[in-house]
Amino acid sequence: MRTSRDATTSKTTEHEDIEHASNPYESSPRESRPAGPFDGRRIRAAVIGTGGIASGSHLPALAALAAEGEVEIVAAVDIDADAVKRFCADGGVPHGYTDLDRMLAEQRPDLVSICTPPTLHRDQTVAALRAGAWVWCEKPPVPTLADFDAVEAEEGVEGGPYASIVFQHRFGSGARHVRRLIADRAMGRPLVAHCQTTWYRDAAYYAVPWRGQWETEGGGPAMGHGIHQMDLLLDLLGPWAEVRAMAGRLVHDVQTEDVSTALVRFESGALATVVNSVLSPDEVSRIRIDCEHATVELTHLYGHSNDNWRITPAPDAPAESVAAWQDFGADVPSSHLAQLRDLVASMRAGERPRSSGADGRTSLELITALYKSAFTDITVRAGGIGPGDPYYTALHGGAPGWAPTTHEEASA
């Protein structure tokens, strides 16, 4: 999907007699309306991009909260007029647009759900924030740290609007329970961890033009696939300190990597291995954390429930402690809905939501450092990549053999 800025001509699928609104991408003042707490009314939501992730995950989550009286789905946007018409008809969405700017001006949503390719996320998020809307953006948030910082600069100072990233694996009863156990040191200090995203993607997957390209996808499996498990690992273990990595392009004809491995040291002293692959027929997503008195393991693929978690106590662990560790409570699976509930609660409270701001930036910073380490053969420390560093503005960092070649270089 593209916004109206990317199209030669763009019309809405309705209201075609209405003049185009001013472009919110320009440096115009932010709208003055308050972002929250929304006075107990339904939150007006809009969906940008009407592909599989929108119809399969975002729309059902929004519809569930709409049925509870929390939200009202007012509009959808896609550059493909036929696609947005189908999406609106199937989902009961009243207004369809092919122009993001017009939708924001006419519908004035409180919440915008962004379900487009990564290269569009920065401009679309900035447009929504400047129109006064909170943002819930699919991962990866934006292609670079520079883009992330530009988005964060557009957020409200107090009370929003804020831009949150879809990291649904953080949410649900299992992640909440284990996060509390580790934070409280109930099982002792975390010592050793393993984070694995080993999936399989064939040539047909990469036939989609924007995939496997630095400019449009931002990165390879570390960025587009493993980011979920890495983000959950960081959410459980806290800040990372340094990373040492390797990456390879072993099978696919792409610009990015198709496999990477990394060693990560956390501020707590814990050590972790991280593997991201799209070369693995036996697909699995896994996190394992060895603490002093127990091992916690999560094994799943695209989402988890309580049954996907396992806690194995050390032989001398007290029985009463083990029983408490293994009591996950009522099962709330990880899902877009679980995160959306949390986000809506933050909107009503006028508070920064989880997976936004510094909390949302941490996994992108780790991935950026992973690429820099892999392509330069150095250890990269947290906080070490900022303005002036080539990896701040492109995850390939201009590295020979990894950066896209120019036409002149290809000819030579």
Residue within region 50-69 that is in contact with a helix residue (DSSP H, G or I) (Cβ under 6 Å, 6 or more places away or on another chain), of a type in the set (Gly, Ala, Ser), assigned to a helix (DSSP H, G or I) and over 29 Å from residue 208 (Cα atoms) present: yes
Checklist (1) assigned to a loop (DSSP other than H, G, I, E, B); (2) without any contact (Cβ under 8 Å) to a residue 24 or more places away in the chain; (3) within 30 Å of residue 393 (Cβ to Cβ) applied to residue 352, failing item: (2)
Test for residue 256: is it touching a helix residue (DSSP H, G or I) at 6+ places or on another chain (Cβ under 9 Å) and of a type in the set (Ser, Thr, Tyr): yes
From 369, 338, 330, 349, residue being more than 27 Å from residue 54 (Cα to Cα) and open to solvent by less than 60 Å² (accessible area, probe 1.4 Å): 369
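A quick yes/no check of all residues on (1) over 30 Å from residue 44 (Cα atoms); (2) of a type in the set (Val, Ile, Thr):
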| site | (1), (2) |
| --- | --- |
| 133 | no, no |
| 149 | no, no |
| 154 | no, no |
| 198 | yes, yes |
| 205 | yes, no |
| 228 | no, no |
| 236 | yes, no |
Total residues in region 149-198, condition touching a Pro at 6+ places or on another chain (Cβ under 7 Å) and of a type in the set (A, V, I, L, M, F, W, C): 2
Residue 382 vs. criteria closer than 12 Å to residue 240 by Cβ, of a type outside the set (Val, Ile, Thr) and surrounded by fewer than 20 Cβ atoms within 10 Å (Cβ to Cβ): yes
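Please determine, by comparing only the residues of region 161-205 that are in a helix (DSSP H, G or I) and of a type in the set (A, V, I, L, M), which one is nearest to residue 308 (Cα to Cα). It would help to see each step written out before you state the result.
So in region 161-205, the residues in a helix (DSSP H, G or I) come out as 168-170, 173-183, 205.
Checking the rest, the ones that are also of a type in the set (A, V, I, L, M) come to 175, 178, 181-183.
On the way: 175: 11, 178: 12, 181: 17, 182: 18, 183: 20 Å.
Per the criteria, the residue is 175.
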The one condition in (1) open to solvent by 60 Å² or more (accessible area, probe 1.4 Å); (2) at positive phi that residue 355 fails to fulfil: (1)
Residue tally, condition part of a helix (DSSP H, G or I) and either in contact with a Cys (Cβ under 9 Å, 6 or more places away or on another chain) or aliphatic (A, V, I, L, M) (or both), over region 100-119: 4
Tally, over region 221-237, of residues that are in contact with a Pro (Cβ under 7 Å, 6 or more places away or on another chain), aliphatic (A, V, I, L, M) and in contact (Cβ under 8 Å) with a residue 60 or more places away in the chain: 2
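Restricting to region 221-257, give me the number of residues that are among the charged types (D, E, K, R), assigned to a loop (DSSP other than H, G, I, E, B) and surrounded by fewer than 22 Cβ atoms within 10 Å (Cβ to Cβ). If you could, list the steps in order and put the result at the bottom.
Within region 221-257, the subset among the charged types (D, E, K, R) is 231, 235, 242, 244, 249, 253, 257.
If we keep only those that are assigned to a loop (DSSP other than H, G, I, E, B) too, we end up with 249, 253, 257.
Of the ones still in play, those that are also surrounded by fewer than 22 Cβ atoms within 10 Å (Cβ to Cβ) are 249, 253.
Going through region 221-257 one residue at a time, the tally reaches 2.
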Any hit, region 306-322, residues being part of a strand (DSSP E or B), within 26 Å of the chain's Cα centre (by Cα) and surrounded by 15 or more Cβ atoms within 10 Å (Cβ to Cβ): yes
In region 258-296, residue surrounded by the fewest Cβ atoms within 10 Å (Cβ to Cβ) [restricted to those that are touching a Phe, Trp or Tyr at 6+ places or on another chain (Cβ under 6 Å) and under 19 Å from residue 367 (Cα atoms)]: 266
All positions within region 138-154 that are open to solvent by less than 20 Å² (accessible area, probe 1.4 Å), outside any helix (DSSP H, G or I) and either over 22 Å from residue 49 (Cα atoms) or among the hydroxyl-bearing types (Ser, Thr, Tyr) (or both): 144
From the options 365, 408, residue that is out of contact with any strand residue (DSSP E or B) (no Cβ under 6 Å at 6 or more places or on another chain), outside any loop (DSSP other than H, G, I, E, B), modelled with pLDDT under 95 and not polar (S, T, N, Q): 408
When residues of region 206-220 are limited to those that are in contact (Cβ under 8 Å) with a residue 60 or more places away in the chain and assigned to a helix (DSSP H, G or I), the one most open to solvent (accessible area, probe 1.4 Å): 215
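What number of residues within region 106-116 satisfy the criterion of being touching a Lys or Arg at 6+ places or on another chain (Cβ under 9 Å) and over 21 Å from residue 345 (Cα atoms)? Outline the logic, then answer.
Taking region 106-116 as the starting set, the residues that turn out to be touching a Lys or Arg at 6+ places or on another chain (Cβ under 9 Å) are 107-111, 116.
With the extra rule that they be over 21 Å from residue 345 (Cα atoms), the set shrinks to 107, 116.
Going through region 106-116 one residue at a time, the tally reaches 2.
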Residues within region 84-99 that are open to solvent by 20 Å² or more (accessible area, probe 1.4 Å) and in a helix (DSSP H, G or I), tallied: 5
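Across region 173-189, which residue is nearest to residue 228 (Cα to Cα) among those that are open to solvent by less than 10 Å² (accessible area, probe 1.4 Å) and in contact with a helix residue (DSSP H, G or I) (Cβ under 8 Å, 6 or more places away or on another chain)? Before the answer, list the steps.
As a first pass, look at region 173-189 and keep what is open to solvent by less than 10 Å² (accessible area, probe 1.4 Å): 173-175, 178, 182, 187-188.
If we keep only those that are in contact with a helix residue (DSSP H, G or I) (Cβ under 8 Å, 6 or more places away or on another chain) too, we end up with 173-175, 178, 182, 187.
On the way: 173: 17, 174: 15, 175: 13, 178: 16, 182: 19, 187: 24 Å.
If we take residues in region 173-189 being open to solvent by less than 10 Å² (accessible area, probe 1.4 Å) and in contact with a helix residue (DSSP H, G or I) (Cβ under 8 Å, 6 or more places away or on another chain), then 175 is nearest to residue 228 (Cα to Cα).
The values are calculated or read from the model by the stated rules, or taken from the named source; none is laboratory data. Keep in mind it's a predicted model, so treat the numbers as computed, not measured. Don't worry about glycine lacking a Cβ; one is built from the backbone with ideal geometry, like all the others, and counts go over all protein chains shown. Only protein heavy atoms, including side chains, enter the accessible area calculation; ligands, DNA and RNA are left aside. Shrake-Rupley method; radii C 1.70, N 1.55, O 1.52, S 1.80 Å.
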